[in-house]
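Each remark here refers to the structure printed beneath this line.
The values are calculated or read from the model by the stated rules, or taken from the named source; none is laboratory data. Since the structure is predicted, the reported quantities are computational estimates derived from the model, not experimental observations. A quick note on method: Cβ atoms are made from the backbone with ideal geometry, for glycine too, and the neighbour counts reach across all protein chains shown. Ligands, DNA and RNA are excluded from the accessible area calculation, which covers all protein heavy atoms including side chains. Shrake-Rupley method; radii C 1.70, N 1.55, O 1.52, S 1.80 Å.
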Amino acid sequence: MPPVRTRSRRRLLALVPAAALAFGLAACGSGGGSGSGDGSADPAAALDTPATITFWTWAPNLDKTVALFEQKYPKIKVNIVNAGQSATEYTKLQTAIKAGSGGPDVVQVEYFALPELALSKRLVNLKDFGAAGLESKFTPSAWSQVSVGGGVYAIPQDTGPMAMFYNKKILDELGLEPPKTWAEFEAAAVKIKASDPKRFITSIDPGDAGGMDSLMWQAGSRPFQQKDASAVAVNLQDPGARKVSDLWSSLLSRKLVDPAPGWTNEWWQAMGSGQYAMWLTGAWAPGNIASTLPDSAKDWRAAPMPQWSAGENVSAEQGGSAVAVPSTSKNKAAAAAFAIWLDSDPQAVRSLNDNGLFPASSELLKDQAFLDKPLASLGGQQANQVFAASSTAVGQGWQYLPFQVYANSVFKDTVGQGLTGDLAAGLTAWQKRITDYGNQQGFKVTAP
């Protein structure tokens with residue numbers, strides 16, 4: 001997941017009206033075409049046919065990777081357009097698809113938004129273009145996110161396996177090692193606070209639905225389940241969710257964790273000044289640490305996520321995106337061929353990684369040069385080894401709702417409010433808002 005846009009989406013979701021975030025859910029199965037279009041076309045042959053395709057993406061420096069494509073396939077011209085990120089882009093995409101014009105041929109989509117677009121027939125089923133044969137090229141967690149309702153609706157581009165980024169200087173001063181369990185994490189939080197009342201072990205963002213999702217995912221919770229095209233289950237009170245709410249409610253009540261919005265100037269200043277000793281987030285973070293904390297980046301390192309039981313090895317994703325072909329594309333075969341090349345060609349995948357995207361490619365994650373590469377942004381640590389191990393350990397079975405964009409938009413008003421009181425109550429309120437909305441949109445929403 002490109003780091004900058006991944007975090008920005010939380011603020012975008014808070015600014016866009018909920019009605020604008022719905023992709024015509026009641027109209028699932030109608031409008032927008034069949035989703036396959038010219039599925040009989042050969043994407044390989046399309047690469048030898050003159051065409052111009054438009055690619056909507058917010059990821060930085062993709063012009064370098066696209067230039068490699070155009071060198072290899074000179075008959076295809078790719079126009080890169082930054083149409084905004086997350087909710088901003090999705091709202092524009094919805095408008096263009098409804099109008100039948102003005103939209104892209106290829107579009108970057110975060111994993112959490114894919115089910116909504118796929119089930120409402122807004123995206124091409126890339127199985128029609130041979131995408132099903134690509135499964136082995138990607139991590140299981142990434143592939144599961146693009147596989148919706150028996151189809152393949154995007155090609156995985158980047159992922160965010162979670163890691164515990166920590167300020168080594170602070171931990172060394174206090175004689176602490178990176179905590180291996182959540183019990184050790186809690187004990188470290190107490191010691192960090194005792195060293196300085198203004199210090200916290202970390203922060204938690206009241207508007208960050210993705211961050212809470214990742215914590216629950218790693219704890220074994222599977223709160224969202226798509227039963228069939230019209231039925232979903234929501235359970236934000238399962239044992240994994242309870243583990244998370246109990247621990248973080250306790251940490252918050254003792255002021256060991258700071259309930260502060262992330263990615264603000266104040267938040268980065270707190271990171272740089274040592275107010276926060278850790279940051280629990282995706283493997284895309286080193287670039288952000290290097291660019292935003294140039295004076296203290298050398299003090300930061302990465303370690304595996306704390307485990308709920310000693311000896312376990314369970315991780316989760318935070319962030320990530322894929323590349324899809326909208327059903328209104330006028331050049332579906334060429335667009336599909338470009339998407340497949342962009343995210344599976346070894347040269348392209350390395351180029352994307354050089355530009356800051358953590359790979360969904362299983363091949364690159366096993367590459368020794370990649371694993372052994374010292375990251376200057378983390379004091380020369382070979383941190384890709386930590387991230388690759390985290391990717392391998394991601395728990396399977398996580399799903400997003402077919403209206404996750406809406407669900408995320410009301411997180412701040414429900415769970416976010418619970419960060420100053422009872423987090424479990426906040427999760428209960430979130431579940432009610434999600435359930436009411438889903439039922440209003442024509443889904444049958446139940447608790448498992």
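Odds and ends about this structure:
- For segment 364-387, the tally of residues that are closer than 21 Å to residue 168 by Cβ and among the basic types (Lys, Arg) stands at 1.
- Checklist (1) buried (at least 20 other Cβ atoms within 10 Å of the Cβ); (2) within 20 Å of residue 207 (Cα to Cα); (3) at pLDDT 95 or above applied to residue 413, failing item: (1)
- Yes/no for residue 255 being surrounded by fewer than 21 Cβ atoms within 10 Å (Cβ to Cβ) and on the phi > 0 side of the Ramachandran plot: yes
- Residue in segment 144-166 that is out of contact with any Phe, Trp or Tyr (no Cβ under 9 Å at 6 or more places or on another chain), part of a loop (DSSP other than H, G, I, E, B) and surrounded by 22 or more Cβ atoms within 10 Å (Cβ to Cβ) present: yes
- Segment 394-416, residues that are touching a Gly at 6+ places or on another chain (Cβ under 6 Å) and among the polar types (S, T, N, Q): 414
- Identity of the residue in segment 98-138, more than 18 Å from residue 87 (Cβ to Cβ), in contact with a strand residue (DSSP E or B) (Cβ under 9 Å, 6 or more places away or on another chain) and among the small types (Gly, Ala, Ser), that ends up most open to solvent (accessible area, probe 1.4 Å): 132
- There is at least one residue in segment 214-230 that is touching a helix residue (DSSP H, G or I) at 6+ places or on another chain (Cβ under 7 Å) and surrounded by fewer than 17 Cβ atoms within 10 Å (Cβ to Cβ).
- The set of residues in segment 184-209 being open to solvent by 50 Å² or more (accessible area, probe 1.4 Å) and part of a helix (DSSP H, G or I) consists of 184, 186, 187, 190, 191, 194, 195.
- Residues in segment 342-385 that are surrounded by 24 or more Cβ atoms within 10 Å (Cβ to Cβ), in contact with an Asp or Glu (Cβ under 9 Å, 6 or more places away or on another chain) and not in a helix (DSSP H, G or I): 5 in all.
- Test for residue 447: is it under 23 Å from residue 148 (Cβ atoms), open to solvent by less than 40 Å² (accessible area, probe 1.4 Å) and touching a helix residue (DSSP H, G or I) at 6+ places or on another chain (Cβ under 9 Å): no
- In segment 421-448, the residue that is nearest to residue 259 (Cα to Cα) out of those that are of a type outside the set (A, V, I, L, M) and in contact with a Gly (Cβ under 9 Å, 6 or more places away or on another chain) is 426.
- Only one of the listed residues (342, 371, 401, 419) is farther than 26 Å from residue 128 by Cα, at pLDDT 95 or above and hydrophobic (A, V, I, L, M, F, W, C). That residue is 371.
- Tally of residues being surrounded by fewer than 20 Cβ atoms within 10 Å (Cβ to Cβ), more than 20 Å from the chain's Cα centre (by Cα) and in contact (Cβ under 8 Å) with a residue 40 or more places away in the chain across segment 287-318: 9
- Residue check: residue 246 meets all listed conditions (1) free of Cβ contacts under 8 Å to residues at least 24 places away in the same chain; (2) assigned to a helix (DSSP H, G or I); (3) acidic (Asp, Glu) but one, namely (1).
- Boolean, residue 195 is more than 18 Å from residue 145 (Cα to Cα), touching a Leu at 6+ places or on another chain (Cβ under 8 Å) and without any contact (Cβ under 8 Å) to a residue 60 or more places away in the chain: yes
- Failed item, numbered, when residue 339 is tested on (1) surrounded by fewer than 20 Cβ atoms within 10 Å (Cβ to Cβ); (2) touching a residue at least 60 places away in the same chain (Cβ under 8 Å); (3) part of a helix (DSSP H, G or I); (4) of a type in the set (A, V, I, L, M): (1)
- Single residue of segment 319-332 satisfying the filter (open to solvent by 10 Å² or more (accessible area, probe 1.4 Å) and of a type outside the set (Lys, Arg)) that is nearest to residue 143 (Cα to Cα): 319
- Search result, residues across segment 167-183 that are open to solvent by less than 60 Å² (accessible area, probe 1.4 Å) and either in contact with a strand residue (DSSP E or B) (Cβ under 8 Å, 6 or more places away or on another chain) or outside any helix (DSSP H, G or I) (or both): 167, 174, 176, 178, 179, 181, 182
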